Amino acid sequence: MQLIYEQSIPGRPGVSLPASDVPPAAGLSAELRRAEAAVLPEVSELDLVRHFTLLSRRNFSVDTNFYPLGSCTMKYNAKAIEEAARAFVPYHPMVALLPHGASYCQGSLALAYELGRTLTEITGMDEVTTQPLAGAHGEMTGIMMVAAYHRAKGNKKRYVVVPDSSHGTNPASAAMVGYEIITVPTAAYGDMDLERFREVMTDEVAAVMMTCPNTLGLFNPHIREICDLAHDHDALVYYDGANLNAILGKVRPGDVGFDVIHVNLHKTFGTPHGGGGPGSGPVGVKKELIPFLPGPRIVRNDDGSYALESALPESIGRTAGFFGNFGVMAKAYAYMVMLGRAGLIQVSEQAVLSANYVMSRLKDLYELPYETSCMHECVFSAVRQAKNGVHAIDIAKFLIDRGFHPPTVYFPLIVKEAIMIEPTETESKETLDAFIAVMREAAELAERDPAAFATLPQSMPVSRLDETKAAREQNVCFGSW
Amino acid sequence: MSRAGYCPTTPEEERQMLDAIGVTSIDDLFRPIAPGLRAKSFDLPDGMSEFEMLRTFQELAAKNAQHLVTFVGGGYYDHLIPTVVDHLTGRAEFYTAYTPYQPECAQGTLQALFEYQTAICRLTGLDVANASLYDGGTALAEAALMALRVTGRRRLVIDGAVNPFHREIVRTYLANLDVELLEIPPKLGLEDDARLRAAIDGSVAAVLVQNPNFFGSVSDFRRLADEIHAAGGLLVVSTYPVSLGLVATPGEMGADIAVGDGQSLGNPLSFGGPSFGLIASRKEFIRNLPGRIIGETVDRHGERGFVLTLQAREQHIKRHKATSNICSNQSLCALRGLIFLSSLGRQGFAELARLNYDKAEYAKQALGRLSGVEVMNGGATFNEFTVCLPKDAAEVVAGLLRKGVAAGVPLGSYYPDMGHCLVVTVTEKRTREEIDTFVRQLEGALCN
C-alpha cells in the first residue's frame, strides 16, 4: 500500500482554515524562519479518509477479532465510556493552576479525585496519584517515592529485587531511578524461589517488585511472607498491577502488605489501547509514602469542593505535565461507575473462569510448564511442537490466518516457547470454543505436516516480514526532506 | 445491572465450563488464595446503566466553568481540530488494537506510525524519530537521559526559560541519579544566550533549551549549538510543534535532539491529557533513542511492510539495561498528530502557523499600547508573549476569570521576581473581536 506521502500532489489543498481577521504582521527575520515549509502530504480530504480507512483495515483489533494477548487484558471497550469522556474534552488544564482557578474546574477535579478514592478502595491503599501516564511510568513514579522514603529516613539502599518472571518494565523502571537489580529465579512451583529470596534480602534492598498473580498466571501463596520479610529489612514492596483483573474484589494488595501499587487503567478498567497507548498508570500508596506523592495533589476540602495542593515539601515533584491522561481516567471511571461493586467482582470471576476453561481444553496438546489452576491467564509452552520444528511464533501465524490475534509469545522469558493466553471476561463461550478448536488444529498440524507452517500467514496483506533487514537498514523515515 | 459488566456467559454455559475444568464452583478457582489473604473490604456503590452513568457524567462536567475565553497556554494550546481527525482515529481497528507485536495483522498501526515518524522528522529537520513518548515534559527528561548516555558525561545545563513544569519533570527524573543539573535563571528582555554559552565546558553532556521559550520568545540557537558541539556536548531543543510551520527547525539550528508536546497537533485539551511526546534526533544516535521505533522492510515476497525495529534497546528484551522503561506510549495521539498534519497539508500547516503568529502579534501590539503595560520580550515571539502589568498579575487574572476570561499565565508562582508579568497566548481560534474585548477588559482591570 502506498504511503500518504506517495499520494501527495504539490499544490493540492487540504482542510481550509478560517480567513485571517487581523492585519498581517511583519514577519520573522530570515534567521528565525524555517528555510522551506515542512514537506507534509498534499492530499484531498477524500484521499485522506480513504487512506486511513484502508490502513485501519490492515489491523486486528478487539472490535474485529478475539485478541487474547496475555498480560495486556484486551477486553471489550464499552462505547458508553467514550461518550462519557467526551463531556470533559474542552477544558484547559492550566485554568486549574491559575490563582483561584480550581473553582472553575470543579467537575474535572472531582472526577480525578473520585477516581483516586475508588482506586484506593479497590486496591486497599491509602492514597492515589493519577499523574503517571502509563503502567511503566507508574512503576518509575512508585520507585521514586520509595527512594524518597529511604532518603528521608537516612536509609542507605542500593538494590531492587525482582523475580525473573517479572515484566521487563519492573527492572527497567528501578534502573531509571538509579537502583541496581537483583533477579531471583522462579522455583519449580512457578513462583519466586523463596529460599533464594531469603538469601538476597538484606538491609541494602530498597524494594521488592512483585506481580501477583504473576506472569505465569499463578497466585503466589507466600506473598504475605515475602512482604513481611521485606518489611523486616525496611524494604518496601511494590505491586505491579498489570494483572489486577484477576483479583478485583478478591484480594486487595494493600491488605496483604504491599506499600505501592500501579494500576493499568487501560487493562483492568476497560479503556481502549489505541494501538499502543494512551494508557494510564495511577499509583496507590500506603500512609507512610503519602508525603512523597507527586504534586500538585488534588484534595477535597471540608465543604466538599476540590482544590489543588502544591506546597508539598517532601514530594518527588511532577512526573508528568498535568493531572495524568485525563481522557483515559474519565473512561476508566465511567467503567467503574457502570459496573459497580458486583460488576467488578464478576469481572475477575469470569476472567478466571475463561482462562481456566481454555487451559483445561488445551493442556492435553500443549505443555503446561507449571501444572496448577491459573488465574486470569494461562501460559503454555510449545516445546512439544518445537521438537517437530514448529515454534510458538509459527502457531501465532497459524492463528492469524484463522482470524485470531495470537496470544503473547516468548514471554515470560523464563518459559521456553511461551504462549500466554488471556481470554478476558468479555468473550463468549462460542468464541473461546472456536479459539480452542483452532489451537487444537494447530497442534495436530504440527504433528502431521510441520512444514506447512513455514509459509504462514497467507491471508494478510503481507506475509512474514524480514526483521533483520529492518534492523540493519534502519529505514525509519520516508525519503529525504 | 443484570449479569453485570459486559460478561456474556450464561449460567448454563458457566456450568459447562466449570464441568470441563473439573470444579464445582467459581469459588473453587480462587482456592489457591488463602482465606487470610482475601479482601477486607470492597465498599463500592452499585452499578448503573449507561444512561444513568452518562447523566452523572454530564452533571459532573457541568460543574466546570463553561465558555471561558482562553488566552492561557503554558504547554497546552487551544487549536482547531479538523473533524476528520476524530473520525479516522475513532476507527475501531486503530482504537481497540494494542502494540503491534504481530506485524502481519498490525500493518495499519505500523504504517501509520512510520508515516508519523516521517512527519516528525520533516517538522523538526532531524533524521530519525520514534513512535512517540508520553508528553512534552517526559520527552525532555528522556532527551536529557539520552544525552547522558550518548556522551557518557554527568552534567546538564538547562535554560530557566524552559517550561517550569518540564524543568520540574527533568529534576524529578534526575533526582536519584548522580547527575548535576545547572539551571540558568532567565532574564526577560535579554534573550541572548550568552549566559548559557558561558556555562559550557568539556564536562557538559547537553544544553537544554526551548524554542519558543516559556515567555514566547523565539531565539536563534546556532551559536549555542556550535559552542556546545565544540565542547563535545549536545544541544537539546524542546519545541512547540505548531511553530514549526514558520520558525527555523531544531535541525536548522544545529540541535542533536528535538522534543516537544504533540497536543497542539490535533489532540484536544482534555484537561491535560492524553497528548504525546515527540522525540527526534540525528541518525547516529538512533540506538540511544528511547521507546518504540517502526522500520520499513519487506516480506517473503518482496512486498513492503513495517515492523517494530531495534527492539534490543527496549525493556521487554534488555530489562534493566534498556534505554528507557517506556512500554505503552501514546500511539493513538501520535496518529491524531499525523492525520492532523496530513489534513492541513504542507501549505495549510504553514498557514496555520502564520495565522497564530499574526493573531498574537495583533494582540501583543494592542496590549502594548495600554498605559502602564510593557511587552517584555526582547525580540520575536510566536503565538505567546509576556507583558508586565502595573499590578500583581495573579490578582488581575483572578479578577478577569470572574468575567469569563482566562487572561494568561501569571509568572509569580514560577519566577518569584516576575509577579507582575503575564504570559498571554493567542491561537488561531481567537477572533479579532475576542482579542479586542480582552484588551478592553484588561485595561479595565488595570484601572480599578
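The values are calculated or read from the model by the stated rules, or taken from the named source; none is laboratory data. Just so it is clear, the model here is predicted, and its values are computed rather than measured. Virtual Cβ from ideal backbone geometry, glycine too; neighbours counted across all protein chains shown. Each accessible area value is taken on the protein alone, full model and side chains, heavy atoms only, with ligands, DNA and RNA left out. Shrake-Rupley method; radii C 1.70, N 1.55, O 1.52, S 1.80 Å.
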For this session: Tally the residues that are more than 7 Å from chain A (Cβ to nearest Cβ) and in a helix (DSSP H, G or I), restricting the search to segment B:62-110.
Result: 6
Exercise. Hey, among the residues in segment A:40-64 that are over 21 Å from residue B:305 (Cα atoms) and polar (S, T, N, Q), which one's surrounded by the fewest Cβ atoms within 10 Å (Cβ to Cβ)?
Worked result: A:44
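Report yes if residue A:337 is within 8 Å of chain B (Cβ to nearest Cβ) and in contact with a His (Cβ under 7 Å, 6 or more places away or on another chain), otherwise no.
Answer is no for this residue.
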Exercise. Checking residue A:271 against (1) of a type outside the set (Lys, Arg); (2) more than 7 Å from chain B (Cβ to nearest Cβ); (3) within 19 Å of residue A:167 (Cα to Cα), which test does it fail?
Worked result: (3)
Seminar exercise, completed: Residue hits (segment B:149-172; outside any helix (DSSP H, G or I) and either polar (S, T, N, Q) or in contact with a Cys (Cβ under 6 Å, 6 or more places away or on another chain) (or both)) are B:163
For this session: Working only within segment A:269-289, note down all residues that are open to solvent by 20 Å² or more (accessible area, probe 1.4 Å) and either closer than 30 Å to residue A:67 by Cα or within 24 Å of the chain's Cα centre (by Cα) (or both).
Result: A:286
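Matching residues to (1) out of contact with any His (no Cβ under 8 Å at 6 or more places or on another chain); (2) within 8 Å of chain B (Cβ to nearest Cβ); (3) farther than 27 Å from residue A:254 by Cβ; (4) in a loop (DSSP other than H, G, I, E, B):
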residue: A:88; (1), (2), (3), (4): yes, yes, yes, yes
residue: A:94; (1), (2), (3), (4): yes, yes, yes, no
residue: A:107; (1), (2), (3), (4): yes, yes, yes, no
residue: A:111; (1), (2), (3), (4): yes, yes, no, no
residue: A:115; (1), (2), (3), (4): yes, no, no, no
residue: A:120; (1), (2), (3), (4): yes, no, no, no
residue: A:133; (1), (2), (3), (4): yes, yes, no, yes
Seminar exercise, completed: Only one of (1) modelled with pLDDT under 95; (2) in contact with a Gly (Cβ under 6 Å, 6 or more places away or on another chain); (3) crowded, with 22+ Cβ neighbours inside 10 Å does not apply to residue B:340, and that is (1)
For this session: Just name the residue that is nearest to residue A:103 (Cα to Cα) out of those in segment B:39-60 that are more than 7 Å from chain A (Cβ to nearest Cβ) and not hydroxyl-bearing (Ser, Thr, Tyr).
Result: B:59
Exercise. Does residue B:345 fit the bill of being open to solvent by less than 30 Å² (accessible area, probe 1.4 Å), in contact with a Pro (Cβ under 8 Å, 6 or more places away or on another chain) and facing another protein chain (nearest Cβ under 10 Å)?
Worked result: yes
Exercise. In this structure, is residue A:452 over 30 Å from residue B:125 (Cα atoms), of a type in the set (A, V, I, L, M) and at pLDDT 95 or above?
Worked result: yes
For this session: Of the conditions (1) in contact (Cβ under 8 Å) with a residue 40 or more places away in the chain; (2) within 7 Å of chain A (Cβ to nearest Cβ); (3) open to solvent by 10 Å² or more (accessible area, probe 1.4 Å); (4) over 30 Å from residue B:203 (Cβ atoms), residue B:244 clears all except one; give me its number.
Result: (3)
Exercise. Given the structure, is residue B:402 open to solvent by 20 Å² or more (accessible area, probe 1.4 Å) and within 27 Å of residue A:23 (Cβ to Cβ)?
Worked result: no
Exercise. Which of the residues spanning segment A:133-165 are within 26 Å of the chain's Cα centre (by Cα) and over 17 Å from residue A:283 (Cβ atoms)?
Worked result: A:159, A:161, A:162, A:163, A:164, A:165
For this session: Please determine, by comparing only the residues of segment B:85-103 that are open to solvent by less than 10 Å² (accessible area, probe 1.4 Å) and touching a residue at least 12 places away in the same chain (Cβ under 8 Å), which one is nearest to residue A:272 (Cα to Cα).
Result: B:97
Problem set entry | Residue in segment B:333-343 that is of a type in the set (S, T, N, Q) and in contact (Cβ under 8 Å) with a residue 12 or more places away in the chain present | yes
Problem set entry | Selected residue (only one of A:145, A:74 is of a type in the set (A, V, I, L, M, F, W, C), farther than 21 Å from residue B:275 by Cα and in contact with a Leu (Cβ under 8 Å, 6 or more places away or on another chain)) | A:145
Problem set entry | Any hit, segment B:277-284, residues being at the interface with chain A (Cβ under 10 Å from one of its Cβ atoms), outside any loop (DSSP other than H, G, I, E, B) and of a type outside the set (A, V, I, L, M) | yes
Exercise. If residue B:208 satisfies every condition in (1) in a loop (DSSP other than H, G, I, E, B); (2) under 14 Å from residue B:158 (Cβ atoms) but one, which is the exception?
Worked result: (1)
Exercise. What number goes with the only condition from (1) on the phi > 0 side of the Ramachandran plot; (2) open to solvent by 10 Å² or more (accessible area, probe 1.4 Å); (3) touching a Cys at 6+ places or on another chain (Cβ under 9 Å) that residue B:132 does not pass?
Worked result: (2)
Seminar exercise, completed: When segment A:3-28 is checked residue by residue, the ones that are farther than 17 Å from residue B:341 by Cβ and either within 7 Å of another protein chain (Cβ to nearest Cβ) or not small (Gly, Ala, Ser) (or both) are A:18, A:20, A:21, A:22, A:23, A:24, A:25, A:28
Seminar exercise, completed: The correct count of residues that are part of a loop (DSSP other than H, G, I, E, B) and within 19 Å of residue B:122 (Cα to Cα) in segment B:222-259 is 7
Problem set entry | Those residues of segment B:17-38 which are open to solvent by 30 Å² or more (accessible area, probe 1.4 Å), β-branched (Val, Ile, Thr) and within 7 Å of another protein chain (Cβ to nearest Cβ), in sequence order | B:21
For this session: Tell me, yes or no, whether segment A:199-207 has at least one residue that is open to solvent by 10 Å² or more (accessible area, probe 1.4 Å) and within 23 Å of the chain's Cα centre (by Cα).
Result: no
Exercise. Say we look at segment A:309-334 and pick out the residues that are more than 8 Å from chain B (Cβ to nearest Cβ) and of a type in the set (D, E, K, R); which of these is surrounded by the fewest Cβ atoms within 10 Å (Cβ to Cβ)?
Worked result: A:309
